[in-house]
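See below for the structure under consideration.
The values are calculated or read from the model by the stated rules, or taken from the named source; none is laboratory data. All values derive from a computational prediction rather than experimental measurement. A quick note on method: Cβ atoms are made from the backbone with ideal geometry, for glycine too, and the neighbour counts reach across all protein chains shown. Side chains included, ligands, DNA and RNA excluded: accessible areas come from the protein's heavy atoms. Shrake-Rupley method; radii C 1.70, N 1.55, O 1.52, S 1.80 Å.
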Amino acid sequence: PGRARRLLLSQLFQPLNLEPSGEARWEGGPAEPSCRSQRLMLQAGLVRPSSPGCFIYLPPTVRAMEKLVRVMDEEMQAVGGQKLNMPSLSSAELWRASGRWDGMGPELFRLEDRHSKDYCLAPTHEEVVTELVAAQGNLSYRQLPLLLYQITRKFRDEPKPRFGLLRGREFYMKDMYSFDASEEAAKETYSLVCDAYCRLFDRLDLPIVKVQAATGSIGGTMSHEFQLPADVGEDRLLLCPAGHFATNVEMVNGEQTSCPTCGEKLTQTKGIEVGHTFYLGTKYSSVFNAVFYSPENKLQLAEMGCYGLGVSRILAASIEVLSTEDSIRWPSLIAPYQLCFIPPKKGSKEEEGAVLLERLYDDLSEALPHLRGDSVLDDRTQLTIGKRLKDANKLGYPYVVVAGKRVCEDPPVFEIWDQNSGEVLFLTKEGVIELLSKVQV
């Protein structure tokens, strides 16, 4: 009683080697998936295509995404963000008022209800959130800055979805909108949020580059992208080797080859955009009359910024850059499960070690409650330890605990495989608990 139920691998819904079916054989037929993260996520039973650019996220992926969302919540709330949730269905009236109903073109999924009213499936929510703030008739400068964010599904009618979760038609995004009393204050908020993004990627051990970028259909006068360098990236970046300058190629003319600060030759690389920030000024607040009372009790337009993080894209991009060709590696903080326990093969001379390993599993759950529910027991004891170790390596558990030959010693010694460093340690129960007490989830 009171003990955590053991999670058995045989009971987890993670069908390996899932094949796309029927209509879901997208991108020109049943060809090989087009990038490492897509191939690994399909093979590992993390996602399954449902229709072009739309995926079913299987339980391990949902766990990883929920962990990522928790980290985002911590960083957004640390800068004063307040979480809300806006409808995916957005009225065309709002989009016509901002000029984006026509401006966004065919990227917008459009539909008409039974009363012949037009709607879109929102790719972003500037109009909705600005209209919401405008409806607060007595907003005071004392309530600013106001930072409102959500983490929801978004929709974009990609002409050619590809690279799995890296470029889909339905995806998860964190979008935040800031309202400030002056341009100076708005730029300070912009800087704070950019710093929060950098902290987030540091915590995930992802080598992000912040680059100057175009404002595109969102608008505004200043914009930065957070890019993860990767061969499969669709953006081309110019970087100063000394770190003084970084930009998307679209921002410079063809002649710029050296850093404007130190003169070093710029290097070119490809990147996956995983975050984007915009200083909007009064582009939307002027349309929807989002105003506040100044210290002089005069009505003034709020100065705005907006900030996006691709939640599902960060998951896929991190697998893209951290993994090997045949084995998934997650940012440790968001791995679906931190630990995999591998008991001896049934009928082997170490078989009695299975009970000791199960006891270790239970003792660990009790001693380290933060890892409770983050451990999986690979109960497929008809398979050799080697075969299950190979599977564990492919699925990317940060730590694998094996009851091998030395489990029959007194005291029993367990093998601990640290997947990210490649180290193998031999530890007693107390040593295992001490090592794993440092694991963050």
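Restricting to region 259-303, name every residue that is open to solvent by less than 50 Å² (accessible area, probe 1.4 Å), outside any loop (DSSP other than H, G, I, E, B) and more than 27 Å from ASP202 (Cβ to Cβ).
GLY281, SER285, PHE288, VAL291, PHE292, GLU303
Condition first: over 15 Å from the mean Cα position of the chain (by Cα), open to solvent by 10 Å² or more (accessible area, probe 1.4 Å) and at pLDDT 95 or above. Now tell me which residues in region 192-224 satisfy that.
LEU192, ASP195, VAL209, LYS210, HIS224 - these are the residues of region 192-224 that are over 15 Å from the mean Cα position of the chain (by Cα), open to solvent by 10 Å² or more (accessible area, probe 1.4 Å) and at pLDDT 95 or above.
Return a yes/no flag: does region 158-166 have any residue that is surrounded by fewer than 21 Cβ atoms within 10 Å (Cβ to Cβ) and hydrophobic (A, V, I, L, M, F, W, C).
Looking only at region 158-166, we keep the residues that are surrounded by fewer than 21 Cβ atoms within 10 Å (Cβ to Cβ), and these are 158-160, 162.
Subsequent filtering for residues that are hydrophobic (A, V, I, L, M, F, W, C) retains none.
No, there is no match, as no residue in region 158-166 is surrounded by fewer than 21 Cβ atoms within 10 Å (Cβ to Cβ) and hydrophobic (A, V, I, L, M, F, W, C).
Restricting to region 307-329, name every residue that is touching a Phe, Trp or Tyr at 6+ places or on another chain (Cβ under 9 Å) and closer than 26 Å to ILE385 by Cα.
Of everything in region 307-329, those that are touching a Phe, Trp or Tyr at 6+ places or on another chain (Cβ under 9 Å) and closer than 26 Å to ILE385 by Cα turn out to be ILE319, LEU322, SER323.
Pairs only if they're at least six apart or on different chains, beta carbon under 6 angstrom, first in region 92-115 and of a type in the set (A, V, I, L, M, F, W, C), second modelled with pLDDT under 95; list them, first residue then second.
MET104/SER217
Tell me which residues, restricted to region 182-191, are buried (at least 22 other Cβ atoms within 10 Å of the Cβ) and either without any contact (Cβ under 8 Å) to a residue 12 or more places away in the chain or among the aliphatic types (A, V, I, L, M) (or both).
ALA186
Among the helices (runs of 4 or more DSSP H) confined wholly to region 330-441, which include 2 or more residues that are on the phi < 0 side of the Ramachandran plot, in contact with a strand residue (DSSP E or B) (Cβ under 8 Å, 6 or more places away or on another chain) and surrounded by fewer than 17 Cβ atoms within 10 Å (Cβ to Cβ)?
Ranges flagged: 429-436.
Any chance region 225-247 includes a residue that's among the hydrophobic types (A, V, I, L, M, F, W, C), open to solvent by 30 Å² or more (accessible area, probe 1.4 Å), touching a Lys or Arg at 6+ places or on another chain (Cβ under 8 Å) and not in a loop (DSSP other than H, G, I, E, B)?
No: zero hits.
Give just the number: which of (1) of a type outside the set (S, T, N, Q); (2) outside the structural domain of PRO295 (by the TED database); (3) in contact with a Ser or Thr (Cβ under 9 Å, 6 or more places away or on another chain) does ASP180 not satisfy?
Just one mismatch for ASP180, condition (2).
Only residues that are open to solvent by 80 Å² or more (accessible area, probe 1.4 Å), more than 21 Å from GLY168 (Cα to Cα) and part of a helix (DSSP H, G or I): list them for region 92-131, please.
Within region 92-131, GLU93, ARG96, ASP102, GLU131 qualify.
Would you point out which residue out of ALA242, ALA246 is over 28 Å from MET176 (Cβ atoms) and of a type in the set (A, V, I, L, M)?
Result of the check over ALA242, ALA246: ALA242.
Only one residue in PRO145, PRO87 is open to solvent by 30 Å² or more (accessible area, probe 1.4 Å), farther than 30 Å from SER37 by Cβ and touching an Asp or Glu at 6+ places or on another chain (Cβ under 6 Å), so which one is that?
Every option except PRO145 fails the conditions.
Given the criterion at pLDDT 95 or above and more than 24 Å from the chain's Cα centre (by Cα), identify the matching residue among ALA186, ALA122.
ALA186
Out of everything in region 139-160 that is out of contact with any Phe, Trp or Tyr (no Cβ under 7 Å at 6 or more places or on another chain) and assigned to a loop (DSSP other than H, G, I, E, B), what residue ends up being farthest from LYS298 (Cα to Cα)?
LYS160
Could you list all residues from region 425-441 that are among the hydrophobic types (A, V, I, L, M, F, W, C) and over 17 Å from ARG372 (Cα atoms)?
LEU425, PHE426, LEU427, listed by residue number.
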